[in-house]
Amino acid sequence: MKFRFRELPAAGSVATRPVVDVWLEGLEVTGLGCLLDTGAMHTRFSADIAEIAGIGFEAEETSRFAVAGRIVEGRPARVGLSLRDAVERHDWDAIVWFCDPWPFDFQLLGLQGFLRHFRVTVSAYHEWVDCAPETDEPFLEPAGRHQLP
Amino acid sequence: MRTFTISGQTFHLDRARVCSAVAEQLPEPLQEHFVIVDGRRYPPKQVIAAVTGLDRADFTTHQARRVLTRLGFVAARQTYGKGGGVAVPDAARGPFEGRQAEALRPFIGRWVAIRGLEVLVAADSPADVVAWLSRHGQQADSMFRVPADAGSVGGAAPV
C-alpha cells in the first residue's frame, strides 16, 4: 500500500512528512495520522486515544520513556491495528504503548507494533511511503519482548 | 445591526451576534454551500438556525447565504478534485501541489479529521473530533493535530 507524504502548512510554504494512517480497533470512524519513526523501538499513541477507543489494559505495568525530548509515562496494550487503502486492507495484532502526557501532533509508529509487520520503502525524493506486509500469516508479537533490553 | 425578514419573522442581526451564536458549535458536514465564520466553514443553514432559533425547514440555503453575505461573511461553494476549493500558492510543492497544506492552514494547532483533501471537522481535542464524526455518521481517513509552529512542522520535539 502506497501513501503520499502528508502536506502540512509551514510559514509561507509547505512541509511534507511521512505520515501513515493506521486504524485502531474500537475507533472505526477515522484512521490515526501516525509518523514513521524508524529509530523508535515501540509504537506509541496518546493515552487519550486509548480512552476514546475503549482500550483496556490487562496489566498495571507502566514505564517512563523519553520521547522526542519529553518524559512520558506509557502503558502497553495488545490491540488490533489495520492499514487500508482504496482496495486493500491488512490487519495485525500489535503491542502499542499508550502514553501520557502526549504533546505531539501525530502518533508514532516504531519497530514493535509496526515496522516488524511491513517492508517499508520511503522515497523522500518522490514523497511517498510504501508498506508491504511481510507475511500473509498473522504475526503475533511476543508479549515478553515489549520491554527495552 | 441590520434587519432581515426570514420565514415571515423579523430579526436584527450583526456579525458579532452571528459569531457568538456558533462559537460553541462545531460545523456540521458541508454539502454544497458554506459560509466562513471565525475561520470555520459552516453550512449556511446551521448558522442561521443557530442565530435565529428557526427550524431549518423554514428557510432555504439560498436565503441563509443571502443574509450572511449581507452581513459581510464570505460564502462559497464546495468544490472537489484537483484545483478545487483551495487557493494554491504560486510556489506550491508537495505531493498534492500544496492543496492539502492550504486546506489545513486555517486549522493550525487544532485537531482535524480529513477525507482526501477535505477537512471534515476541526476541534480542540481528538475526543471532540471523534464525537462529531460519530454524531454525523461520517468516516475520515485520518485524524491528527495540525502542527502549530515551525519546530513541530520540521520534526523537532516540543519543549
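Quick notes
- Condition check for B:Ala131: within 12 Å of another protein chain (Cβ to nearest Cβ) and modelled with pLDDT under 90: no
- Residue match in region B:71-86 (condition: touching a helix residue (DSSP H, G or I) at 6+ places or on another chain (Cβ under 6 Å) and at pLDDT below 55): yes
- Taking residues in region A:63-77 that are part of a strand (DSSP E or B), and partners anywhere that are surrounded by fewer than 18 Cβ atoms within 10 Å (Cβ to Cβ) and acidic (Asp, Glu), the pairs with Cβ atoms closer than 7 Å and at least 6 places apart or on different chains are A:Arg64/A:Glu73; A:Val72/A:Asp100; A:Glu73/A:Asp100; A:Arg75/A:Glu61; A:Pro76/A:Glu61.
- Residue-level check: of (1) under 28 Å from A:Pro18 (Cβ atoms); (2) modelled with pLDDT under 95; (3) surrounded by 13 or more Cβ atoms within 10 Å (Cβ to Cβ), B:Val35 misses just (1).
- Tally of residues being within 10 Å of another protein chain (Cβ to nearest Cβ) and either under 10 Å from B:Arg145 (Cβ atoms) or outside any helix (DSSP H, G or I) (or both) across region B:102-120: 10
- Yes/no for B:Val67 being outside any strand (DSSP E or B), in contact with a helix residue (DSSP H, G or I) (Cβ under 8 Å, 6 or more places away or on another chain), crowded, with 22+ Cβ neighbours inside 10 Å and at pLDDT 95 or above: no
- Filtered residue count, region A:1-58, keeping only those that are part of a helix (DSSP H, G or I) and not hydrophobic (A, V, I, L, M, F, W, C): 2
- Inside region A:18-42, residues that are within 7 Å of chain B (Cβ to nearest Cβ), of a type outside the set (A, V, I, L, M, F, W, C) and touching a residue at least 60 places away in the same chain (Cβ under 8 Å) make up a count of 2.
Quick grid of which residues meet (1) in contact with a Pro (Cβ under 8 Å, 6 or more places away or on another chain); (2) under 24 Å from B:Gln100 (Cβ atoms); (3) in a strand (DSSP E or B):
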{"residue": "A:Trp97", "(1), (2), (3)": "yes, no, yes"}
{"residue": "A:Pro103", "(1), (2), (3)": "yes, yes, no"}
{"residue": "A:Val120", "(1), (2), (3)": "no, yes, yes"}
{"residue": "A:Cys131", "(1), (2), (3)": "no, yes, yes"}
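- Candidate set from region B:9-64 (those that are assigned to a strand (DSSP E or B) and free of Cβ contacts under 8 Å to residues at least 12 places away in the same chain); member that is nearest to the chain's Cα centre (by Cα): B:His12
- Criterion violated by A:Gly12 - all others in (1) surrounded by fewer than 20 Cβ atoms within 10 Å (Cβ to Cβ); (2) touching a Lys or Arg at 6+ places or on another chain (Cβ under 9 Å); (3) more than 21 Å from A:Pro103 (Cα to Cα) satisfied: (2)
- The set of residues in region A:49-70 that are facing chain B (nearest Cβ under 10 Å), surrounded by fewer than 18 Cβ atoms within 10 Å (Cβ to Cβ) and closer than 25 Å to A:Ser82 by Cβ contains only A:Glu51.
The values are calculated or read from the model by the stated rules, or taken from the named source; none is laboratory data. Please read these numbers as outputs of a predicted model, since none were measured by experiment. Don't worry about glycine lacking a Cβ; one is built from the backbone with ideal geometry, like all the others, and counts go over all protein chains shown.
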